[in-house]
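The values are calculated or read from the model by the stated rules, or taken from the named source; none is laboratory data. This is a predicted model, so every value here is computed, not measured. Counting neighbours? That spans all protein chains shown, and the Cβs are built from the backbone with ideal geometry, glycine included.
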C-alpha cells in the first residue's frame, strides 16, 4: 500500500515509522508543556528509545536494497554503487536538511544570515533536522565499509589466502554486519566529531542492527521476542534519565559494564516493543488505524520538519500531528517542492518508474 514513493514499500516498516513519528510529536509536546519534563515518566519512556528506533528503521529500509554480494563484482563496481548511493542520499537527506534550515532562518531569523545558519546547523545539528544528517552519515559509512570489504576481497584474491572460504565469508551479509559493528565499536572513539560526525558514535550501530534485523527476518519473527523486549523495557525505562551519566538514575548501584550497556538495552528493547506492535497492526483488520499509520510513516520526514510550527496549538498532539500531515500531503503533490523539502522523486510518475 503506497501513498507516496516506490510501490514496493513494506507496510510493516511504514507502520513502525508512523508509530515512531507520532511518539516524536508526543514527546516534543510533553517537553514544551512542562518545566520538569525530564521527571515525567511518559517523557522518559518516549525519549529513551524513539530516535534509536528511527535510525534502526532507516537501516531496515536500507537493507531492502543492500547487496552483500556487491563485493564480488570488483572494486570498480563497488565504487560506482557507493557513489550512486551517496549521491541519492544527498538529494534524499541533505537537500531537505539544508532547505528546512534556510526556511527556519527566513521565518525566525535565528542567525545573522542564512550562511551562518547553515554553518551552525552542521556544527550543531541539534539546531536543525539532525536525524537527516545522522542517517546520511550512516549511509556514507556503510558505503565505505562495503568498499573496505571489496578491498579485502581483492587482497584475498591476489595473495590466494584460503580463496574460496574467504570469499564466502567476506560476501556473507551477517558477517559484513557483524564486522561493521565490531570495527566501528573499536574505532568510534577515535573518529572526527566536526560537521556533525559525532552523530555516528551513538547511532551507527542502531542503523546496522536495523539492516541486519530486516535482512534476517524480513519482519517475520516470533511475537515472543517483542513480549520479552516489552518486559525488559517496562522494567528498565523508569530509571532512564536524559541528563544523568550513562542515562541511568536508579537507586541500585550497577557495575560499570552494566551502566555502559543500560541506555542501549533500554533503546533496543523499546524499539522491539514498538516493532511488535507494528507487526500486530500490519496483520490486523484495523483498517482506519492501519491506513493512518502507513500515511504517517510515509510522510514522516515532513511531519518531523513541520510539527514544530504547531506545538503551541490545541488540542495538544492532535493539532501539530494533523496539521503537519495535511501540509506534508500537499507538499508531496508539488514536484519541485517535494524534492527540495522532502527529498522525494521529482514527480509521482518518476517514483513509480523507479
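Figures for the structure shown
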item	result
Top-ranked residue of region 274-291 - restricted to ones that are touching a helix residue (DSSP H, G or I) at 6+ places or on another chain (Cβ under 8 Å) and either farther than 25 Å from residue 48 by Cβ or free of Cβ contacts under 8 Å to residues at least 60 places away in the same chain (or both), ranked as surrounded by the fewest Cβ atoms within 10 Å (Cβ to Cβ)	284
Which listed residue is in a helix (DSSP H, G or I) and either within 30 Å of residue 105 (Cα to Cα) or at pLDDT below 95 (or both), from 293, 301	301
Restricting region 122-143 to residues that are assigned to a helix (DSSP H, G or I) and free of Cβ contacts under 8 Å to residues at least 40 places away in the same chain, the residue that is nearest to residue 100 (Cα to Cα)	127
Verdict on residue 344 being out of contact with any strand residue (DSSP E or B) (no Cβ under 9 Å at 6 or more places or on another chain), over 22 Å from residue 88 (Cβ atoms) and outside any helix (DSSP H, G or I)	no
Matching residues in region 305-324 - criterion: being touching a helix residue (DSSP H, G or I) at 6+ places or on another chain (Cβ under 6 Å) and not in a loop (DSSP other than H, G, I, E, B)	305, 306, 307, 310, 319, 320, 321, 323, 324
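For every residue, the table says whether it meets (1) under 12 Å from the mean Cα position of the chain (by Cα); (2) modelled with pLDDT of 95 or more; (3) under 20 Å from residue 132 (Cβ atoms).
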{"residue": "7", "(1), (2), (3)": "no, no, no"}
{"residue": "15", "(1), (2), (3)": "no, yes, no"}
{"residue": "19", "(1), (2), (3)": "no, yes, yes"}
{"residue": "37", "(1), (2), (3)": "no, no, no"}
{"residue": "48", "(1), (2), (3)": "no, yes, no"}
{"residue": "53", "(1), (2), (3)": "yes, yes, yes"}
{"residue": "57", "(1), (2), (3)": "yes, yes, yes"}
{"residue": "69", "(1), (2), (3)": "no, no, no"}
